[in-house]
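The values are calculated or read from the model by the stated rules, or taken from the named source; none is laboratory data. It should be emphasised that the depicted structure is a prediction, and the values quoted were computed from it without experimental measurement. Neighbour counts run over all protein chains shown; Cβ positions are idealised from the backbone, glycine included. Each accessible area value is taken on the protein alone, full model and side chains, heavy atoms only, with ligands, DNA and RNA left out. Shrake-Rupley method; radii C 1.70, N 1.55, O 1.52, S 1.80 Å.
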Amino acid sequence: MAAEGGEAETQQKEESKRHTYPLVRTCDMNDELKTECMELCVTACEKFSQNNESAARMIKETMDKKFGPTWQCIVGEGFGYFIEHEVKSLLYMFFGGTTAIIVWKCA
Amino acid sequence: MPVKGAEKKTTQPVAGGVPTQRRLSQLPRQSIITGFRDDDQDFGNMPDLSDEALRPVRPDDQLKLTDAELNEEHTRILTARNPQAAENIVRFSYKDRTFKPIPQVDQLAVHFQLDGNLIHRDSEEGKRQLVRDIGEQALGEVETTPTKAADTEGEPTTKEGEDEDEEKPKKPTGPAGKGKKLTNQFNFSERASQTYNNPCRDRETFVEQTPRSVFTDNVSQWSIFDAYNEDFDQQQKAKEKEHKKVAVKKDDERKKKFVVAEQTGDDMAKLARSKSASISLKILERMINQNTFDDIAQDFKYWEDAADEYREQEGSLLPLWIFQYDLTKKLACTNLAWNTRYTDLFAVSFGSYDFLKQSRGMFLIYSLKNPSFPENIFITDTGVMCLDFHPNHPNLLACGFYDGSVAVYNIADEYKRPKYQSTARNGKHTDPVWQVRWQKDDLDGNLNFYSISSDGRIVCWTLVKSDLMYIDVVQLKLEKPATEPDEGIPLATLGCGTCFDFNKQQDYLFIAGTEEGKIHKCSKSYNNQFLDTFDAHHMAVYAVRWNTFHPKIFISCSADWTVKIWDINFKDPLFVYDLGSAVGDVTWAPYSSTVFAACTADGKVYVFDLNVNKYEPLCEQIVVQKKRTKLTHIVFNQNFPIILVGDDRGNITSLKLSPNLRKKPKVKKGQEAPEGPEAENAKLDKILALIRDPDDTKNKSISAQQTSTVPATTS
């Protein structure tokens, strides 16, 4: 029993380790745009791991500066959404096992 | 010392007077500091004369006066008298006739005089100018030319004309007459100009909104978890291929997008390869082709040679499209076949007739709708010598090759490999296959076709499931020469078959032509024997064709320059035509039993209509571009009045038949136009009867004991 419990624990730890990398679910971007955006999201989430709002603010403002106006960004752990995005400007990814980030461009 | 207070104010220095007083401020400072009293007090306190430095300096020419004289007081009075003016001006008085002194002398002394150019506004001149200016303004404002204003203007202008300079300035018309500034007419000038302003133009544009799309999803902790898990598992699988899959399958539609949907590559390239795009592209290609060849397409549909009305016994062929393909330029067209279902589709096989120059072959599927490029291209190792479309399955194409093998292709197939192919073990011919022909499905429902080849065998091939099975139907045995040595085993030598054709009404009956010039009448059921043999030609028979309607008539053409028409029951030909050059192919028209066309090695196409002229062609026309191009094959189209001619340079020319060439017999008024095969037969029989009557007795065949009348009905 103890061994099994221990096993379950290690398994859980393993699993939590599994889920930390950024996992892109949907991406409608050019390659270089995509890599930059992903890196930016990871940086922002690591920096503001407690505060989703700041992370989202950082992502949105950086994207605006780099790639042009009117990007939108949502960082959260549980939400539903229905958005309209400009073609070739959408990134939807998971990070850190708990947070989901969606970034899109729409005027 | 006495103080002289009042006199102190005289500015004028006493002429020659001793400067008895000195201001305190003028004295050197030292003396002031050394215990002198204030300025208010004794102003005229004389310094101690004993002091050397303070002693006034006396100029040398100063008048020497005694002290008593020095102390005298003189009185000075300021008057407005000009000291320079003379005091005693005397004038001669005419009244008194003496000189009299003038009582008053002018005391005015002019120090400086300057003439100015301002005039007072209330002076007469000023007033006049004002009036004039107002008058001008009034003129400008009021349209009617007031004569008064003109007069008032005239006056001042004339008066001033003398005085003024050449530069008559233009006064700016102010908003009100009164508040205007008066400017001197003489010096003041104004200049104004207007720069050119470019005209303005409005431009507007409407920008399309950037393309957008909608995206929606629901995210929660468990969905994130699941996503990670699945991704991880996939990775594991990819690495090791031995991972337990976490069975977390949801019915969420979004799961389908799980694979990281990267849009790789060029979207346009992907689009171009997709099926829907290829259809659109095909249509577009055909549209462009239609535009390019628009006049040909119009001719194809509508053009009829008007000259045919005037020439009874002649027709013409209008060249339409020419089908060419780069890779076939060196190859000769070996066969042409129209598709049985799609009337615009035809197949052309390419190979080489030259024994020495054998290279690869190909066959192309063309459509009339796209003359610039073939619809399908199949490249083969050896030359393709013949092909045939299946009557019921328009995608199946049987072809025979120069190396003796036969194959069946599915032209709708993406891979350009044959579905079935005969191999050396599978009964392939040992010599080139010259013709293949599909037959009706056999009793088991299997597709089958026949082939004839130079190795003397006529073989029936059956498509059984995935195999090709062969049966030797007939062997073209040569006639044994009369004199044969008794020793030795009599070897059966085989002739070389070059062409065959199956009777349309009696399927088992067919005729085959050989290189030796013989035509054999055979049956599918009899293996070894021919039913009959015709000594048809002196050289190889290139084509034999049964008449489209009549069951007993067939035509043959040969390298010996002749085309002959036969009746199956008679040994001798009914008609013989010498065309002056080796005849590559001959074919009956599908719409008439009396029309046939032949093509020769000198590039000419002959069209005959037995109904019109039994001995001369209706049309004899060169159809090739370059000389010394041999025409190899000719086919009629079932639905349209066009023929296709292939040559040995790899080109296929399409020609339209003029109306004379596709005539139906004239109908007497009141009668119904006879149509259908029976009518055609009757037509042909009539003709045959005409020629046959005198030759009746000579042409009886051995087997048949025919009467002179030709059977008119089909059997």
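A compact table of results
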{"read-out": "Qualifying residue in region B:327-340 (condition: touching a Pro at 6+ places or on another chain (Cβ under 9 Å), at pLDDT below 85 and either assigned to a strand (DSSP E or B) or under 30 Å from B:Lys440 (Cα atoms) (or both))", "value": "yes"}
{"read-out": "Within region B:193-215, tally of residues that are at the interface with another protein chain (Cβ under 9 Å from one of its Cβ atoms), part of a loop (DSSP other than H, G, I, E, B) and β-branched (Val, Ile, Thr)", "value": "1"}
{"read-out": "Those helices (runs of 4 or more DSSP H) lying entirely in region A:2-87 with at least 2 residues modelled with pLDDT under 90 and farther than 12 Å from A:Thr99 by Cβ", "value": "A:2-18"}
{"read-out": "Hits in region B:443-467 (condition: closer than 13 Å to B:Ser422 by Cα and either at pLDDT below 80 or surrounded by fewer than 17 Cβ atoms within 10 Å (Cβ to Cβ) (or both))", "value": "B:Val464, B:Ser466, B:Asp467"}
{"read-out": "Filter result for A:Thr99 (surrounded by 17 or more Cβ atoms within 10 Å (Cβ to Cβ), touching an Asp or Glu at 6+ places or on another chain (Cβ under 8 Å), more than 7 Å from every other protein chain (Cβ to nearest Cβ) and farther than 16 Å from B:Arg212 by Cβ)", "value": "yes"}
{"read-out": "Helices (runs of 4 or more DSSP H) within region B:235-305 that include 3 or more residues at pLDDT 80 or above", "value": "B:275-292, B:294-302"}
{"read-out": "Within region A:54-90, considering residues that are at the interface with chain B (Cβ under 9 Å from one of its Cβ atoms) and over 17 Å from B:Val214 (Cα atoms), the one least open to solvent (accessible area, probe 1.4 Å)", "value": "A:Gly76"}
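Residue-wise test of (1) open to solvent by 100 Å² or more (accessible area, probe 1.4 Å); (2) not β-branched (Val, Ile, Thr).
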residue: B:Asp67; (1), (2): yes, yes
residue: B:Leu70; (1), (2): no, yes
residue: B:Thr79; (1), (2): no, no
residue: B:Asn88; (1), (2): yes, yes
residue: B:Arg97; (1), (2): yes, yes
residue: B:Glu125; (1), (2): no, yes
